[in-house]
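A.B. asks: Have a look at this one.
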Amino acid sequence: MTRLSAAALLAAAAAVTPVTVASAATSWTPLGPFGGSVQTLTVAASDPRTLYASLNAAGLFRSADGGLTWTPIHAGTALSNVAVDPSRPATIYAYFDPGGLQKSTDGGAHWTPLTIQVSAVTALAVDPARPTRVYAGTSAQGVWRSTDAGASWQPARVNLPPGDARVVFQLAVPKAGGIVYAATDAGVFKSTDGALTWRSASQGLPAGTVLVLAAAPSDPKRVYASLLNSRTVYRTTNGGASWQRAALLPPAPPGAGNRDKVTALAVSPGAPGTVWAGTLLSGLFRTADSGAHWTGAGLPPQEAGVP
């Protein structure tokens, strides 16, 4: 029986109300699906009881009861990302390998291939203010966007420099219309016009790959980030104009060496200073004061020998 990953539990925590999150942050119950490590967990914003989880190469699963039971809806494929329409929880966008970018409007019962001229999709996001606008980050071709719910796609990478900065690891879209943040090999980039144009938003961040990114749903200027192979969380409260170190997380477990790192971040929907940080080896942490202080959130650490 495989325990849900910290990244999966973070995603679930981010989708519920702040009161529920606060009361549930110190104890956890394994819910499944079991049979492999959870790679992605996506919660429908309009219906937090609807969840989609992908397990290694076992495929995509759906729960309609908050994770109590799961139904396989796309077996035998690996996923890099899943995005759910915030206004229609049965509408899903997912990138399958093999299979490419696909869309379902009935909770995964049927899928329609989407045509996008990229080598691989590494990140997906739906604009909460305009759900027909969908963003796709890619492994080598920057950001693409659709304004017709995935029917057609156009490159949206003006001012994203060539080379490494066109590798997009994560997209964060707050509720404010048109604002998009992208985590890349060259730091954080920001768009205020629905991904048509971009500018660097990394002042104060160390140089390097930004792998983990989370925007506060209730405050579009507050974003949290962590770099590749780092246990440090950074924050901006002015939309990326400047960044400060929120804190170095508590020490990693004995034997972990320098292998521990932040693997996921999530921000409470109604409390932008409440953040969860999932790590590779030392479990789950929570802050209620924008990162000044962190405490363990009840998810036990992995054994130090886990690769």
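A.B. asks: Under 20 Å Cα to Cα from residue 175, which lysines show up? Leave out anything in the same chain fewer than 8 places away.
C.D. replies: 190, 221
A.B. asks: Next question. If contacts are Cα pairs under 8 angstrom and at least 6 residues apart, what is the relative contact order of the chain in percent?
C.D. replies: Reported as a whole number, the value is 12 percent.
A.B. asks: Taking all protein chains as present, what is the carbon and sulfur share of the accessible area of segment 70-116, in % to the nearest whole number, probe 1.4 Å?
C.D. replies: Values: 1070 of 2040 Å².
Carbon plus sulfur share of accessible area: 53 percent.
A.B. asks: Quick one: P(r) of the chain from all Cα-Cα pairs, 10 Å bins, percents rounded to integers, in order of increasing distance.
C.D. replies: Calculated over all Cα pairs of the chain, the distribution is 6, 29, 38, 23, 3, 0 percent.
A.B. asks: Ok, one more. Please report, as a whole percent, how much of the solvent-accessible surface of segment 161-298 comes from carbon and sulfur atoms (probe radius 1.4 Å).
C.D. replies: C and S fraction of accessible area: 53 percent.
A.B. asks: Per-residue ellipticity at 222 nm for the chain, helices alone: DSSP H runs ≥ 4 residues times -39500 (n - 2.57), over residue total, nearest 500 deg cm²/dmol?
C.D. replies: Per the formula, -1500 deg cm²/dmol.
A.B. asks: Could you size up the charge dipole of the chain around its Cα centre, putting +1 on the beta carbon of Lys and Arg and -1 on that of Asp and Glu, and report it in debye to the nearest 20?
C.D. replies: Working: 21 positive and 14 negative charges, 94 e Å.
Computed charge dipole of the chain: roughly 460 debye.
A.B. asks: Post the alpha-carbon centroid distance, segment 200-262 to segment 82-141, in whole angstrom.
C.D. replies: With segment 200-262 and segment 82-141 each reduced to a Cα centre, they are spaced 26 Å.
A.B. asks: Skip the ligands, DNA and RNA, and give the accessible area per residue of segment 47-114 with a 1.4 Å probe, whole Å².
C.D. replies: Working: 2780 Å² over 68 residues.
Solvent-accessible surface per residue comes out at 41 Å².
A.B. asks: Tell me, what is the percent relative contact order of segment 95-151, built from C-alpha pairs under 8 Å that lie six or more residues apart?
C.D. replies: So the answer I get is 24 percent.
A.B. asks: Let me ask another. When the solvent-accessible surface of protein heavy atoms is calculated with a 1.4 angstrom probe, in what order do 74, 293 fall, highest first?
C.D. replies: 293, 74
A.B. asks: Kindly report the accessible area of segment 186-244 per residue (heavy atoms of protein chains, probe 1.4 Å, no ligands, DNA or RNA), in Å².
C.D. replies: 36 Å²
The values are calculated or read from the model by the stated rules, or taken from the named source; none is laboratory data. Owing to the predicted nature of the structure, the values given are computational and were not obtained by experimental measurement. Every residue, glycine among them, receives a Cβ derived from its backbone with ideal geometry; neighbour counts consider all protein chains shown. All accessible areas refer to the heavy atoms of the entire protein, side chains included, with ligands and DNA or RNA removed. Shrake-Rupley method; radii C 1.70, N 1.55, O 1.52, S 1.80 Å.
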